[in-house]
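Undergrad: Dropping the structure in here first, questions after.
What follows is calculated from the coordinates using simple rules that are stated; it is not laboratory data. Here the structure is a predicted model, which is why all the values come from computation and not from measurement. A quick note on method: Cβ atoms are made from the backbone with ideal geometry, for glycine too, and the neighbour counts reach across all protein chains shown.
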Amino acid sequence: MDSQLASEDERTTIYRSRSSGEDAVGYICGDVIFRSRWGQCIRIGRCERDDAGWRIFRTTQFDEKELGRVLTGGVIHSHGLFQGGTLGWLEPDGTVIQGGFIFAEEEVGRVEGPRLQPAAAALLLIFVPEEDEASREMGRRV
């Protein structure tokens, strides 16, 4: 079965909180992470389960890069973003909190579906940093 055509029951949707509300920015189906944009779904990474939790990988032009992991308790760690360390955690209700040594606690989104932990990690390791970088780029152009 093509993972882009999978039923809603198999998807874990990733929502990003904004001042205007929330937007579905992507989803996980199987072990593949997709970005949803303008009605299109683009494969941007994958997740892999191991004994400690889930590892998150971002697809690059020629390969892939491991960005971090989420432990079985829901704590999300980065392998390099902002010097590495804890980025935040997943609440039992699916709310994703960014917080740790560098960040004040802030709700950045939520996840809904069967793979909550890797979806929460994808939100903090891929979607939030990429949106923040795009916002900084737009600010430099203005």
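Undergrad: Please go through the stretch 16-102 and write out the chymotrypsin sites (Phe, Trp or Tyr not before Pro) that DSSP classes as loop and that have at most 12 other C-beta atoms within 10 Å.
TA: Sites meeting the loop and neighbour criteria: Trp38, Phe62, Phe101.
Undergrad: Out of every Cα pair in the stretch 25-92, what percent are spaced more than 13 Å from each other?
TA: Result for the distance tail: 68 percent.
Undergrad: Now, a different point. Fewest Cβ neighbours within 10 Å first, please rank Val128, Val32, Val111 accordingly. Spell out each step's value before the answer.
TA: Values: Val128 21, Val32 17, Val111 25.
The order, fewest Cβ neighbours first, is Val32, Val128, Val111.
Undergrad: Let's test the formula: R0 of 22 Å, r as the Cβ-Cβ distance of Asp23 and Thr59. What FRET efficiency results, to the nearest 0.05?
TA: Result of the calculation: an efficiency of 0.55.
Undergrad: Cut-off is 10 Å between beta-carbons; in what order do Ser36, Ser20 appear when sorted fewest neighbours first?
TA: Taking fewest neighbouring Cβ atoms as first place, the list is Ser20, Ser36.
Undergrad: Give the calculated FRET efficiency between Glu106 and Ala52 to the nearest 0.05, with a Förster radius of 30 Å applied to their Cβ-Cβ distance.
TA: E between Glu106 and Ala52, to the nearest 0.05, is 0.70.
Undergrad: Between Thr72 and Asp132, what is the FRET efficiency for a Förster distance of 30 Å, r being their Cβ-Cβ separation, to the nearest 0.05? Show your work: numbers first, answer last.
TA: Working: r = 27 Å, r/R0 = 0.92.
Taking R0 as 30 Å, the efficiency between Thr72 and Asp132 is 0.65.
Undergrad: What is the fewest-to-most order of Ser19, Ser78 by other Cβ atoms lying within 10 Å of their Cβ?
TA: Listing Ser19, Ser78 from fewest to most nearby Cβ atoms yields Ser19, Ser78.
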